[in-house]
Every structure is written in structure tokens, then in C-alpha cells.
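Okay, structure first, notes after.
Please treat every number below as a calculation from the coordinates, not as lab data. Quick caveat: nothing in here was measured; it's all calculated off a predicted structure. When we count neighbours, we look across all protein chains shown, and the Cβ atoms used for this are built from the backbone with ideal geometry, even at glycine.
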Amino acid sequence: SDRAMLQPPPVRARQRPAEAERGLDILVAEDNEVNQMVFTQILGETGYRFEIVGNGRTALDAFGKLNPRMILMDVSMPEMNGLEATGAIRKLEQDMGTHVPIVGVTAHALKGDRERCLEAGMDDYLPKPISPRALLEKLERWLGSDIETRRSAG
Ligand code: MN
């Protein structure tokens, strides 16, 4: 009837907050194709949503667009290295009042490399070659409290 047409449209069921807010879990910045495959293989089995970019500049862009929950940041990359990209992200975050966990990934066997990462504003450090177990421990450390919630949410 005409009366029915005057009714407001039915309110759509809202997305569950967990789904609505679910964005990117892990941003990986890594220029080496072999390591990209290693990350894809290991992360692919976790159920986390991840994206891989090939240099620090695209990592900076992706940080702004995708708002990842954590970043795995290779230190040595073309265009903009991981230390520079981390510095740029931390600068942006000063205005936003946020802090994304950044784990530096580096093949440099130099002592003090971990310190270089932390000085650049990274929170943690993962040495190469990437061990699946070490990587999963980092995910547990920086995203872990969320795992049970995600499972029960289905
Ligand atoms: Mn590299």
C-alpha cells in the first residue's frame, strides 16, 4: 500500500564490529623475491591478512592507506631503506598519537644491528635467514593476544 511506501527503508544489519574493523594485520616490506616467497609461505598458513611491498617508500604509502596492525620491515631496500621508512612512519604517528609495532628484518650479522633498528624507532628485530619459528614468535608477541578472539569470531 501507499502507507508501506512511506515507511523508512529497513535498517540494514550492521556488520559485526570485528568484521567491519578488520583490516590488514601485517604489512611486509621486503625487496628480495626469495624472502618475499618465504614470508608468503609462512604468513599464508597463519590466517592473518598480509600485504608485501618491495621498498620503504611503498611501505610508507601502504602504512597510510592500509593501517596495518604490525609491520615487518627489511632494513636494506631500494628507494628508501627500512630505517628511513621507520623514521618517516614514526614522524607521522607523532601527529596521530598512534604506534604500530615495527619489527626490523636484516641479514647484517653485525653486532649492534639490533640497536640500529631500535634507534630508528623499531620495536623489535628478526634476523635473516628467516626462521618460521622465530617469525611466528614475533607474530605471537605483537599480535598474539588477538588470536583467540579471531578464532572464536570464525
Ligand atoms: Mn633487502
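Structure notes:
- ³J(HN,Hα) computed for each position of the range 86-98 - Karplus, 6.51 cos²θ - 1.76 cosθ + 1.60, integer Hz, glycine/proline x: 4, x, 5, 5, 4, 5, 4, 5, 4, 6, 8, x, 10
- Gained length - residue 79 relative to residue 113, 0.36 nm times residue gap less alpha-carbon distance: 10.2 nm
- Residue 125 long-range amide H proximity, modeled H, under 5 Å: 104
- Within-14-Å neighbourhood charge of residue 41 [Cβ basis; K, R +1; D, E -1]: -2
- For the pair residue 90 and residue 41, the difference between a 0.36 nm per residue extended length and the Cα-Cα distance amounts to 14.8 nm.
- For the range 36-103, the alpha-carbon coordinates run over 35, 25, 18 Å along the three principal axes, in decreasing order.
- Under 5 Å from the amide H of residue 52 lie the amide H atoms of 28, each residue being 5 or more positions distant or on a separate chain, with H modelled from the backbone and absent for Pro and chain starts.
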